[in-house]
1. Quick check, is Val25 surrounded by 10 or more Cβ atoms within 10 Å (Cβ to Cβ) and under 24 Å from the mean Cα position of the chain (by Cα)?
2. Is it the case, given these coordinates, that Val31 is surrounded by 10 or more Cβ atoms within 10 Å (Cβ to Cβ) and either without any contact (Cβ under 8 Å) to a residue 60 or more places away in the chain or of a type in the set (Ser, Thr, Tyr) (or both)?
3. Could you list all residues from the range 1-22 that are within 31 Å of the chain's Cα centre (by Cα) and acidic (Asp, Glu)?
4. Assess whether Ala50 counts as being surrounded by 10 or more Cβ atoms within 10 Å (Cβ to Cβ), modelled with pLDDT of 90 or more and under 20 Å from the mean Cα position of the chain (by Cα).
Amino acid sequence: MHDQFLKLQCRLWELIYDEEGQDLVEYGLIVTLVALAAIGGVEHVASAVATLFSNIDSSIT
């Protein structure tokens, strides 16, 4: 029983201090931040274009 607990404890420490997957997580966070920035930028541009076309429409009519 003590042997199994020791093996489980060693495996948990390996999982906690393992650094192999951290690069993937960091890249995922960077991609997420870039995507959010792009979405925010597109919304701003879309709003500006809609205002521009609205101004053109009102000046034509």
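The values are calculated or read from the model by the stated rules, or taken from the named source; none is laboratory data. Note that this is a predicted model, so its numbers are computed, not measured. Using ideal geometry, Cβ is built from the backbone for each residue, glycine included, and neighbour counts are taken over all protein chains shown.
1. The answer is no for Val25.
2. yes
3. Glu14, Asp18, Glu19, Glu20, listed by residue number.
4. It is false that Ala50 is surrounded by 10 or more Cβ atoms within 10 Å (Cβ to Cβ), modelled with pLDDT of 90 or more and under 20 Å from the mean Cα position of the chain (by Cα).
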